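Nothing in this text is a laboratory measurement; each read-out follows from the coordinates by a stated rule. All figures in this text were calculated on a predicted structure; none of them were measured in a lab. All Cβ positions, glycine included, derive from the backbone under ideal geometry; neighbour counts span all protein chains shown.
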Amino acid sequence: MLLDVQNLRIHFKVPQGALQAVDDLSFQVKEGRCLGIVGESGCGKSATAQCILRLIPSNVLSVLSGKILWQGKDILTLNDTDLRRVRGSQIAMIFQEPMTSLNPVISVGEQVAEAIRVHFPEEKNLEGRVKEIFSRVGLGEDSKRLKQYPHELSGGMRQRVLIAIALACRPKLLIADEPTTALDASLQSQVLDLIQSLQRELGMSVILISHDFGVVSKLADEILVLYAGKPAERGPTKELLKRPLHPYTKALLESAPRLSETHHRKPLRMIEGTLPDLVQPPCECRFASRCPVVMPECHQKEPEFQEVEPGRWVSCFAVKTP
Ligand SMILES: Nc1ncnc2c1ncn2[C@@H]1O[C@H](COP(=O)(O)OP(=O)(O)OP(=O)(O)O)[C@@H](O)[C@H]1O
Ligand SMILES: [Mg+2]
């Protein structure tokens with residue numbers, strides 16, 4: 001298994017105590033596959049992604065436990081040298097806002113060159129390699145483009161530059177945290193197509209994070225639905241979309257624009273209610289207060305995340321194990 005996350009807990013220090021952003025989360029990513037992580041704002045998607053690269057400063061955390069096994073080694077216990085190796089050359093990440101992640105005063109070609117230099121100091125034909133990556137991400141090989149600064153490019157092009165930087169290290173795993181949210185509809189699908197073709201050509205694995213099923217369904221082999229820091233449901237993309245099992249997944253799918261209509265990018269119709277207080281989560285199913293099929297036992301304890309059918313995992317008392 002390329003990445004095996006086991007019982008991950010991420011609790012942040014906040015003035016009121018500890019905020020349980022992620023609680024007892026387990027998932028795997030296989031070589032060459034794409035896992036989509038979906039859920040509403042605040043459900044712990046970015047915290048999970050950042051934690052895989054240990055990007056959350058330890059002074060803001062009150063609890064960080066579980067295991068993040070990367071090719072069998074726990075990222076949470078790596079020393080600095082090994083961690084740098086993983087971060088730089090094995091796992092790469094692209095973020096939501098392309099402008100803030102680029103240096104405004106350095107040309108985009110130079111930024112990609114720098115990324116290559118860091119990972120492959122021996123590379124002789126640096127310019128050739130930059131051009132190759134630029135053309136691979138659809139930015140062309142024109143030298144003029146290499147000399148441009150981030151503000152001279154459109155949002156979609158800037159996102160391509162970020163992907164180019166991420167690819168400079170030839171990662172085995174690309175984590176894309178809402179990579180298309182800041183883009184308009186046509187650019188959104190171009191960037192997703194690009195990630196998909198790179199995944200196929202380079203045999204990369206991908207974790208694609210979004211609040212939008214339309215976005216992840218294009219690429220993901222498997223989808224993990226998070227709710228309030230806990231896994232609600234996980235399963236193969238087609239089956240999960242066709243026959244969602246968890247009431248939260250159903251509600252999210254009903255509130256989302258139809259997949260065929262995602263290019264209209266209608267805002268999500270909200271599911272009624274709000275996330276529970278993550279500082280003092282109630283001792284019940286975290287979705288109970290919003291759930292249309294809530295039962296008395298849902299208020300008494302938390303459901304376990306269980307495999308209810310081969311490959312399909314759900315945490316819900318209403319979904320019975322065979
Ligand atoms: N540094 C921090 N200190 C305290 N709380 C934090 C910190 N970072 C995140 N949180 C909290 O952790 C929870 C999960 O946040 P996270 O950013 O992972 O959500 P998300 O699913 O990525 O949401 P979005 O879709 O809005 O990006 C939220 O309640 C958030 O307020
Ligand atoms: Mg986020």
For this session: Starting with the fewest neighbours, write out Cys285, Cys291 ranked by other beta-carbon atoms found within 10 Å of each beta-carbon.
Result: Cys291, Cys285
Exercise. What share of all Cα pairs of the chain, in percent, falls into each consecutive 10 Å distance bin?
Worked result: 6, 25, 33, 24, 10, 3, 0
For this session: Taking each pair of different alpha-carbon atoms in segment 41-92 once, compute 1/r for the pair, average those values, and report the inverse of that mean as the Kirkwood hydrodynamic radius in Å to one decimal.
Result: 11.8 Å
For this session: Report the charge-dipole magnitude of segment 63-116 in Debye, nearest 20, computed about the Cα centre from +1 at each Lys and Arg Cβ and -1 at each Asp and Glu Cβ.
Result: 260 debye
Exercise. Of all the C-alpha pairs in segment 212-254, what % are more than 11 Å from each other?
Worked result: 63 percent
Exercise. Hey, fewest Cβ within 10 Å first, where do Phe12, Phe120 land in order?
Worked result: Phe120, Phe12
Problem set entry | Ellipsoid semi-axes in whole angstrom, largest first, where each is sqrt(5λ) of the Cα gyration tensor of segment 129-201 | 18, 16, 10
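If you keep only loop residues by DSSP, which trypsin sites (Lys or Arg not before Pro) in segment 42-146 have at most 14 other Cβ atoms within 10 Å of their Cβ? Let's see the in-between values first.
Values: sites: Lys45, Arg54, Lys67, Lys73, Arg84, Arg85, Arg87, Arg117, Lys124, Arg129, Lys131, Arg136, Lys144, Arg145; in loops: Arg54, Lys124.
Loop-located and lightly packed - Lys124.
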Exercise. Taking the C-alpha atoms of segment 80-176, how large are the radius of gyration and the largest Cα-Cα span, Dmax, in Å?
Worked result: 12.8, 38
Exercise. When the convex hull of the Cα atoms of segment 1-121 is projected onto a plane and the area is averaged over all directions, what value comes out in nm²?
Worked result: 9.3 nm²
